[in-house]
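Values quoted throughout were computed directly from the atomic coordinates according to the rules given, and no laboratory measurement underlies them. Remember, predicted model here, so these are calculated numbers, not experimental data. Note that each Cβ is placed from the backbone with ideal geometry, even for glycine, and that neighbours are counted across all protein chains shown.
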Amino acid sequence: MFFKKEKFKFTSKAVDEDTFYVISFWGKEGLSLLYQFEIHLISENENIKHEDIIKNRARFSIIREDGSKVNFNGVISSFEQLHQVDKYTFYKATLVPKLWYLTLTYHNQIFLNKTPIQLIEAILKDAGLFRNDYELKLQKKYPEYEFVCQYNETHFNFLNRWLEREGIYYYFDQSGDVEKIIFTDTKISHTAHPNGSTFYYSPPSGLDHEKRNEIIQSLICKYNNIPQRILLKDYNYMKPSLEISGSALVDKEGIGEVYYYGENFLTPEEGNRLAKIRAEQIRCTKKEFIGNSTIPYLAPGYLFTLDNHYREDFNQQYLTVEINHEGAQGGYLISGLSSTLSTQEKKVFYQNNFKAIPADIQFRAEKKTPAPKIVGTINAKIDAEGTGEYAELDDHGRYKVILPFDLSGKKDGKASTWIRMATPYAGSNHGMHFPLHKGTEVLITFVEGNPDRPVIAAAVPNPDTPSQVVNTDQTMSKITTAGGNKIHIEDKAGKQNIILHTPTQNTFIRLGAKKDEEEGHEDKNSKQKESSEHSGYGLKVYTEGPFEIKAGTKNEMIGGNVSEYILGKKSDIIIGMESKLVGGLHTLSVIGQASTTHIGGHNTYKSW
């Protein structure tokens, strides 16, 4: 294959350096964007192994007039074998940064007490990127977040939305053998490109000739209307009476206000910090410069100074934000092959179009990455330290859980933060609570669907922790605690009752109809037949332990018979006056000893 002179070069570590020849390409770069170059190639080798190409690193180079190269390093996301003409096989390779690997991993995981920087490092490490693959040029301090959830999203999506939230953005340094990601949060970290810092403005004219290369051919200034202010509000249940809000001025000449609710911040200070970031995200779009050039090393994240523009105030320093490359060298190929190329591919050219902003404006990447929403509820299990039956609570009555998608394997209360639980009744110094046990299944809901804001909605039964009611209990309302305490309410017509029971001394109170299971709560030797048609109805108090009633005043009126059977000793001590009115038969049988001591008066009235 014969070339006059190569302007573009593609190499892969999987094959020899001269295996491929570039026909044409296009590429796109940008701040907080994964660059992508689609490169059309030919080769005399028709048996190139696709899997070898995509498993090895590659490089695309633009060769300048002086022979120096502008390199774009990366990995191959896809490799295609197209068609064959004569002895030449056509291929297409797509070059992307190694950071692109993050788009291939979907994950669900929990992060506890991490800063945004720790989140970045954890995600990059999990994707196989280490400290030599990136650099942190950060000026600000970042808060620690108690609970962060990655839910059904790629590592790249998770990384991007947190960077956008915190005002961190990135670009790539291609000066070494591999690309390096530069993470930054400040405009002072940007520098001029090593290949040049001042670019000459020269619009096309009839006097153009081939030596006029690496110039800016056009520059358009675009102004956009933007809002005047931004307002953020949220709610912190730990400080319910405090108004949680933040605001920032976007542009004093702007129009309108942008108001967001539920950005998940807990203090006014945090709200103001986030509002400032949102304001800068909007402000950097007010004044944009769009141009065309033939400068191949014009790159996002680097500064350049414009010279020779007819408008003097345009001759200033800029930050390149985005650039689209395009080029072809099909005309260098042998004439017999050129008949198979498109008109554009037959040309030998390089050009780009770009977007830039004034260098004194702080760039922030647009907050556009969608955040996952959890609609409805998900299942979880109550977690706790040790093997205790009852799960621990914190000072606010909150629990810890294990979420079903968590693969960390953390146990003993280390898999989540404290999560509050919804209850049917709550208020100042009043409310309801039933303690949950380790392993109890609960349903988790999320405030506004945000995975970072969980709430325990309810506990639910399952075969391991079955329901307290079954198909024969349609009319029953039950509360049964793990300690065996019970409040059971029967609503079945004719058998309505309420039973309060505690296993301590086998004690219960029954109001209403008698239930069969009462047989197990009383001494069968003490049972007496009830001859009334209302047998088993009314009030029953039973205990196998001491029985004591204390009251300020006692009045008894008995309209029927009273029978007392005392198999032991009975002592009454009356300090004051006791009055009894018996309107029927009063029988007292004592097998043992009975004594009564009166200090004061004692009157008994009998009617016979």
(message) If you consider only alpha-carbon coordinates, what radius of gyration and Dmax does the stretch 124-197 have, in Å?
(response) 14.3, 45
(request) Net charge near His107: determine it from the other residues with C-beta under 10 Å of the C-beta of His107, scoring Lys and Arg +1 and Asp and Glu -1. (result) -2
(request) Just the ratio, please: alpha-carbon radius of gyration of the stretch 27-120 over 2.2 N^0.38 Å, N its number of residues. (result) 1.44
(request) Can you tell me the alpha carbon radius of gyration of the stretch 72-153 divided by the globular rule-of-thumb value 2.2 N^0.38 Å? (result) 1.61
(message) For Lys570, give me every one of the aspartates and glutamates with a C-alpha distance below 18 angstrom, ignoring sequence neighbours fewer than eight places off in its own chain.
(response) Glu544, Glu548, Glu578
(message) I want the local charge near Val321. Using Cβ-Cβ distances under 9 Å, sum +1 for each Lys or Arg and -1 for each Asp or Glu among the other residues.
(response) -1
(request) Count the net charge of all other residues whose Cβ sits under 12 Å from the Cβ of Asn352, scoring Lys and Arg as +1 and Asp and Glu as -1. (result) -2
(request) Go from 0 up to the bin containing the longest alpha carbon distance in the stretch 229-319, width 5 Å each, and give me the % of pairs per bin. (result) 3, 12, 17, 14, 11, 10, 10, 9, 6, 4, 2, 1
(request) Pairs of Cα atoms under 8 Å, at least six residues apart: use those to get the relative contact order of the chain, whole percent. (result) 10
(request) Would you please name the trypsin sites (Lys or Arg not before Pro) within the stretch 107-194 that are DSSP coil residues with at most 13 other C-beta atoms within 10 Å of their C-beta? (result) Lys140, Lys141
(message) Counting C-alpha atoms alone, how compact is the stretch 404-443: give Rg to one decimal and Dmax as a whole number, in angstrom.
(response) 13.5, 39
(message) Report, in listed order, any pair from Lys69/Lys222; Lys222/Lys252; Lys55/Lys125; Lys411/Lys438; Lys276/Lys373 with a Cα-Cα distance greater than 22 Å.
(response) Lys69/Lys222; Lys276/Lys373
(request) Mind pulling the per residue volume of the convex hull built on the Cα atoms of the stretch 151-309? Å³ is fine. (result) 176
(message) What are the extents of the Cα atoms of the chain along their three principal axes, in Å, largest first?
(response) 139, 60, 40
(request) Enumerate by residue number the trypsin sites (Lys or Arg not before Pro) in the stretch 245-278 meeting two conditions: DSSP loop (anything except H, G, I, E, B), and at most 10 other Cβ atoms within 10 Å of the site's Cβ. (result) Lys252
